[in-house]
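The values are calculated or read from the model by the stated rules, or taken from the named source; none is laboratory data. Note that this is a predicted model, so its numbers are computed, not measured. Neighbour counts are summed over all protein chains in view; Cβ atoms, including those assigned to glycine, are modelled from backbone coordinates with ideal geometry. What goes into the accessible areas is simple: the full protein's heavy atoms, side chains included, and nothing from ligands, DNA or RNA. Shrake-Rupley method; radii C 1.70, N 1.55, O 1.52, S 1.80 Å.
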Amino acid sequence: MKIAVCIKAVPDTETKIKVAADNKNIDFADVRFITSPYDEFAIEEALKLKEKLGGETTVFSLGGLEAAEVLRDALARGMDNAVHLKDESFVNLDPLSVGKALAAAIKDGGFDAVFCGQQGVGGDNSQVPAILAELLALPQATLVVKLEITDSKFRAEREIEGAHEFVEGTLPAVFSAQKGLNEPRYPSIKGVMAARRKEIATKDAQALGLAGKIGKDNCKMIIREVTPPPARPQGRLIEGDADTQAKTLVELLRNEAQVI
Amino acid sequence: MSQNILVFIEQRAGQIRKSSLEALSEARRQAKTTSSQIQAVVIGANIKPLAAQLHKYKPNKIVLIDGEAYANYSTEGYTQALAEAIKKENPAYVFAAHTSMAKDLMPRVATRLDAPLASDVVELKNEAGKILAVRPMYSGKVYGTVEFTSPQAFLTLRPNRFEASESTNGGDVAQEDFAPAQANIRAKVVETHAATGQKIELSEAPIIVSGGRGIKGPENWAMLQELCDVLGAALGASRAVVDAGWIDHGHQVGQTGKTVSPQLYIACGISGAIQHLAGMSSSKVIVAINKDADAPIFKSATYGLVGDVFEIVPKVTEELRKLNLGS
């Protein structure tokens, strides 16, 4: 079983996000990067599958130094190989361009399963898994909270609005991990030590056959402006004992806010 | 160049999703400013009866892709069908509601047509006939305004942010059947199980009552459920209590859960971690009930009640009952 996992380095979810001076991005100064939380479920599922069925796991990430850091962390958790997609032109890409770069890196690897987190926390596009499946011409199951694989067939449970649905299909396939799929492990000391000695392969646009095809000028979607969220109006405290508070609240919701 | 807008109408088990009607209504509002044609596309089995409902929203054309092959959702089957309909109509924009089906389907269709997709859009701007999309990033800690440089672009619109409104204008609505080529389907939905408990979907609920650590244990959801019932609200939860196993992840509001924008959000015993605030701070009215006067949630609250949730919540429920909201 050959398994690929795609991960993304994102600002720690505890980070207070500020708009950059050019108003076109966020300010990355002092930002600590982590593996996008949903990608941790993707890594864990790949490791569990390998433990059960044997095989080889390879983790991919696109980006700068922060991508190398999360790849190292994935190796420490037990992934076998890491590939860093790194090129001067791989900056501020739209999801379609990211998908094209990942697909180019994955397509000839003979993978039986490709895992992604369902959403990169930050861009919050929730697009790359399906883009990747389309570009690799593979079936897919997204937002997966439970996965069974037997004899190159899969059964995936997806979380949808007010229900769960079950998708059955054949491998190779692309899966996106939703929270609930598993409990991600932390890297062990031994894993961290072993990961230090492992090599992270790098691939640039040339090696991926994408020279001149991916980059800022080839993006079909551009972020023109980034702004802070609209400020919330000043709120007020409702004083008094519980009886008074409850009566006042209901009165305000009814007559002032008019939401009930 | 045409500025036509094609809207994908999502149906499950013969029910059109309300958020799809919101997307259709918004397409019509955008069309007014650019004199564009609106096409509504529905995919499913035995869906002809749905056309009557769509007529009220006055698209210029309804396209029905009706067949047994579409009885159950499959990514590949629906991608093929929708992509072919889009090729035939060749709109400048494709709209859909940002739902779990859209997250599965729309990036795939857009990629097949080599077009960009702006997902989870909360506001549209019109610049000389070109649509710009405003979307939250970092779970709403910032907003990005996105522009498209391609002749065709896809947008998925966040549920509950755009108004669904029937149209009274007299225009004709054309209707046609379309039979695309069959796709090679290697994965498909085989069964669907309704979630237990939740009657109203969080992302579409107009009112949400949410609980955090302050409710002390899973046995106290009943108290919040009573408040939900009297308000017709959906039940939400903080990450802390989902991770503690008090409730299913489907209820989680915040950065690794759902981002919601209801009319009214009542946070009970939630301190307001930055990840939680990111997921609900675009709610119209926020009520916070917490015993800790210094809890960060009070900074976002429209109405703050410092006190014991176990005392206040039942009294609020009782007061609301007197209003007979359901009748």
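Considering each residue of the range A:109-140, count those that are open to solvent by 10 Å² or more (accessible area, probe 1.4 Å), over 16 Å from the mean Cα position of the chain (by Cα) and farther than 19 Å from A:Ile214 by Cα, and give that number.
Going through the range A:109-140 one residue at a time, the tally reaches 6.
Is it true that A:Asn92 is modelled with pLDDT of 95 or more, out of contact with any Pro (no Cβ under 8 Å at 6 or more places or on another chain) and surrounded by fewer than 20 Cβ atoms within 10 Å (Cβ to Cβ)?
no
For B:Leu325, all conditions in the list (1) assigned to a loop (DSSP other than H, G, I, E, B); (2) open to solvent by 30 Å² or more (accessible area, probe 1.4 Å); (3) more than 9 Å from chain A (Cβ to nearest Cβ); (4) not basic (Lys, Arg) hold save one; what is the number of the exception?
Every listed condition holds for B:Leu325 apart from (3).
Which numbered condition in (1) in contact with a strand residue (DSSP E or B) (Cβ under 6 Å, 6 or more places away or on another chain); (2) in a strand (DSSP E or B) is the only one that A:Leu138 fails?
Unmet for A:Leu138, out of (1) in contact with a strand residue (DSSP E or B) (Cβ under 6 Å, 6 or more places away or on another chain); (2) in a strand (DSSP E or B): (2).
Checking the condition at pLDDT 95 or above, surrounded by fewer than 21 Cβ atoms within 10 Å (Cβ to Cβ) and within 14 Å of chain A (Cβ to nearest Cβ), which residue from B:Leu155, B:Leu132 passes?
After ruling out the rest, the residue left standing is B:Leu132.
Quick check: is even one residue across the range B:284-291 surrounded by 15 or more Cβ atoms within 10 Å (Cβ to Cβ) and in a helix (DSSP H, G or I)?
No - not one qualifying residue is present in the range B:284-291.
Among the numbered conditions (1) in contact (Cβ under 8 Å) with a residue 40 or more places away in the chain; (2) surrounded by fewer than 24 Cβ atoms within 10 Å (Cβ to Cβ), tell me where B:Ala97 comes up short.
So B:Ala97 meets the others, but not (2).
If you go through the range A:234-245 one residue at a time, how many are open to solvent by 60 Å² or more (accessible area, probe 1.4 Å), within 30 Å of B:Val142 (Cβ to Cβ) and at the interface with chain B (Cβ under 7 Å from one of its Cβ atoms)?
Looking only at that region, the number is 2.
Quick check: anything in the range B:214-235 closer than 30 Å to A:Pro95 by Cβ and surrounded by 15 or more Cβ atoms within 10 Å (Cβ to Cβ)?
yes
Table: residues versus (1) over 29 Å from A:Leu93 (Cα atoms); (2) in contact (Cβ under 8 Å) with a residue 24 or more places away in the chain; (3) not small (Gly, Ala, Ser).
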position: A:Glu40; (1), (2), (3): no, yes, yes
position: A:Glu45; (1), (2), (3): no, yes, yes
position: A:Lys48; (1), (2), (3): yes, yes, yes
position: A:Glu51; (1), (2), (3): yes, no, yes
position: A:Thr57; (1), (2), (3): no, yes, yes
position: A:Ser61; (1), (2), (3): no, yes, no
position: A:Ala68; (1), (2), (3): no, yes, no
position: A:Leu71; (1), (2), (3): no, yes, yes
position: A:Leu75; (1), (2), (3): no, yes, yes
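For A:Glu40, which of the numbered conditions (1) open to solvent by less than 40 Å² (accessible area, probe 1.4 Å); (2) closer than 22 Å to A:Pro129 by Cα fails to hold?
All conditions are met except number (1).
From (1) buried (at least 19 other Cβ atoms within 10 Å of the Cβ); (2) closer than 25 Å to B:Ile65 by Cα; (3) of a type outside the set (Val, Ile, Thr), pick out the condition that doesn't hold for B:Asn160.
(2)
Restricting attention to the range B:292-320, which residues are open to solvent by 30 Å² or more (accessible area, probe 1.4 Å) and aliphatic (A, V, I, L, M)?
Once the filter is applied, which keeps residues that are open to solvent by 30 Å² or more (accessible area, probe 1.4 Å) and aliphatic (A, V, I, L, M), the range B:292-320 yields B:Ala293, B:Val306.
Being out of contact with any Ser or Thr (no Cβ under 9 Å at 6 or more places or on another chain) and over 30 Å from A:Asp151 (Cβ atoms) narrows it down to one residue among A:Phe28, A:Phe60, A:Phe41, A:Phe90; which is it?
Exactly one of A:Phe28, A:Phe60, A:Phe41, A:Phe90 is out of contact with any Ser or Thr (no Cβ under 9 Å at 6 or more places or on another chain) and over 30 Å from A:Asp151 (Cβ atoms), namely A:Phe28.
Could you tell me whether any residue of the range B:54-61 is part of a helix (DSSP H, G or I), assigned by TED's automatic domain parsing to the domain that holds B:Glu166 and more than 30 Å from A:Ala173 (Cα to Cα)?
Within the range B:54-61, one or more residues are part of a helix (DSSP H, G or I), assigned by TED's automatic domain parsing to the domain that holds B:Glu166 and more than 30 Å from A:Ala173 (Cα to Cα).
Could you please find all residues in the range A:38-67 being part of a helix (DSSP H, G or I), under 18 Å from A:His84 (Cβ atoms) and in contact with a Leu (Cβ under 9 Å, 6 or more places away or on another chain)?
A:Ala42, A:Ala67
Report whether or not B:Asp229 is part of a loop (DSSP other than H, G, I, E, B), more than 8 Å from chain A (Cβ to nearest Cβ) and over 19 Å from the mean Cα position of the chain (by Cα).
Spelling it out, it is not the case that B:Asp229 is part of a loop (DSSP other than H, G, I, E, B), more than 8 Å from chain A (Cβ to nearest Cβ) and over 19 Å from the mean Cα position of the chain (by Cα).
Do we have any residue at all in the range A:199-214 that's free of Cβ contacts under 8 Å to residues at least 12 places away in the same chain, surrounded by fewer than 16 Cβ atoms within 10 Å (Cβ to Cβ), at negative phi and not in a loop (DSSP other than H, G, I, E, B)?
no
Given (1) more than 7 Å from every other protein chain (Cβ to nearest Cβ); (2) out of contact with any strand residue (DSSP E or B) (no Cβ under 6 Å at 6 or more places or on another chain); (3) in contact (Cβ under 8 Å) with a residue 40 or more places away in the chain, where does B:Ser210 come up short, assuming only one miss?
All conditions are met except number (2).
For (1) in contact with a strand residue (DSSP E or B) (Cβ under 9 Å, 6 or more places away or on another chain); (2) open to solvent by 20 Å² or more (accessible area, probe 1.4 Å); (3) within 12 Å of another protein chain (Cβ to nearest Cβ), each residue gets a yes or a no:
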{"site": "B:Ala40", "(1), (2), (3)": "yes, no, no"}
{"site": "B:Lys48", "(1), (2), (3)": "yes, yes, no"}
{"site": "B:Ile62", "(1), (2), (3)": "yes, no, no"}
{"site": "B:Asp66", "(1), (2), (3)": "yes, yes, no"}
{"site": "B:Ala71", "(1), (2), (3)": "yes, yes, no"}
{"site": "B:Tyr78", "(1), (2), (3)": "yes, no, yes"}
{"site": "B:Ala85", "(1), (2), (3)": "yes, no, no"}
{"site": "B:Ala92", "(1), (2), (3)": "yes, no, no"}
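Say we look at the range A:141-185 and pick out the residues that are in a loop (DSSP other than H, G, I, E, B) and under 18 Å from B:Ile247 (Cα atoms); which of these is most open to solvent (accessible area, probe 1.4 Å)?
A:Glu183
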